[in-house]
1. Assuming a ≥ b ≥ c are the square roots of the Cα gyration tensor eigenvalues, decide whether segment 31-91 counts as rounded (a/c under 1.5), prolate (otherwise, with a/b larger than b/c) or oblate.
2. In what order do 149, 33, 108, 91 fall by count of nearby beta-carbon atoms within 10 Å, going from fewest to most?
3. Choose one answer from 124, 53, 99: the residue with the largest mean-square fluctuation in a GNM of the chain with alpha-carbon springs under 10 Å.
4. So how tilted is helix 95-106 from the main axis of the chain? Cα-based, degrees 0 to 90, rounded to 10.
5. Calculated from the structure, log10 I(q)/I(0) by the Debye sum over Cα atoms at q = 0.11, 0.12, 0.16 Å⁻¹ equals which of [x] -0.44, -0.53, -0.98; [y] -0.70, -0.80, -1.03; [z] -0.44, -0.51, -0.83?
6. I'd like the orientation of helix 146-159 relative to the chain: the angle between its Cα long axis and the longest Cα principal axis, in ° from 0 to 90, rounded to 10.
7. I need 117, 50, 142, 30 ordered by Cβ neighbour count within 10 Å, fewest first.
8. Let me have the relative contact order for the chain, percent, based on Cα pairs under 8 Å that are six or more residues apart.
């Protein structure tokens with residue numbers, strides 16, 4: 001590897017705080033500030049306005065789930081109510097969450113073994129303790145994003161796509 005092929009170095013220095021985009025005021029008191037960067041695009045895709053650094057890396061994590069759920073719906077999976085909520089958000093790994101994830105998988109000929117989430121425990125410490133006391137171990141289905149992954153797998157089955165490479 002030559003120096004021009006070397007990966008870029010990511011600094012461990014804290015990034016400067018992005019600008020305040022919104023201020024929450026209630027009864028005359030500022031409750032909070034929401035910082036971030038913003039890019040406003042024209043219909044043709046050209047940049048009309050930026051605030052902050054639009055090139056700064058972001059880690060959206062679960063905030064992308066509603067958009068991913070919208071893509072799942074557009075790809076033809078019929079979801080509503082609890083199933084849509086499970087596909088569009090994180091869950092805490094409680095029994096009723098896990099039951100619905102199992103049902104969503106089973107309805108498409110899948111099982112929790114098909115999930116590619118890392119094994120985890122319920123989020124609530126009391127639930128996690130009870131889960132372990134019942135003889136359970138960390139499982140993929142208990143990961144807080146298993147509902148979204150179940151929906152992704154289901155839409156793969158519906159469309160004849162390879163479930164082994166759904167990620």
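Coordinate-derived values only; no laboratory data. Owing to the predicted nature of the structure, the values given are computational and were not obtained by experimental measurement. Cβ coordinates were reconstructed from backbone atoms using ideal geometry, including for glycine residues, and neighbour counts include every protein chain displayed.
1. Values: a/c = 2.99, a/b = 1.61, b/c = 1.85.
Verdict is oblate for segment 31-91.
2. Working: 149 24, 33 12, 108 17, 91 21.
Listing 149, 33, 108, 91 from fewest to most nearby Cβ atoms yields 33, 108, 91, 149.
3. In the Gaussian network model the winner is 53.
4. Around 80 degrees separate the two axes.
5. The value computed from this structure is option [y].
6. Once rounded, the angle reads 80 degrees.
7. Working: 117 18, 50 13, 142 28, 30 9.
The fewest-first ordering by Cβ neighbours comes to 30, 50, 117, 142.
8. Values: 204 pairs, mean separation 29.8, N = 167.
Worked out over the chain, it gives 18 percent.
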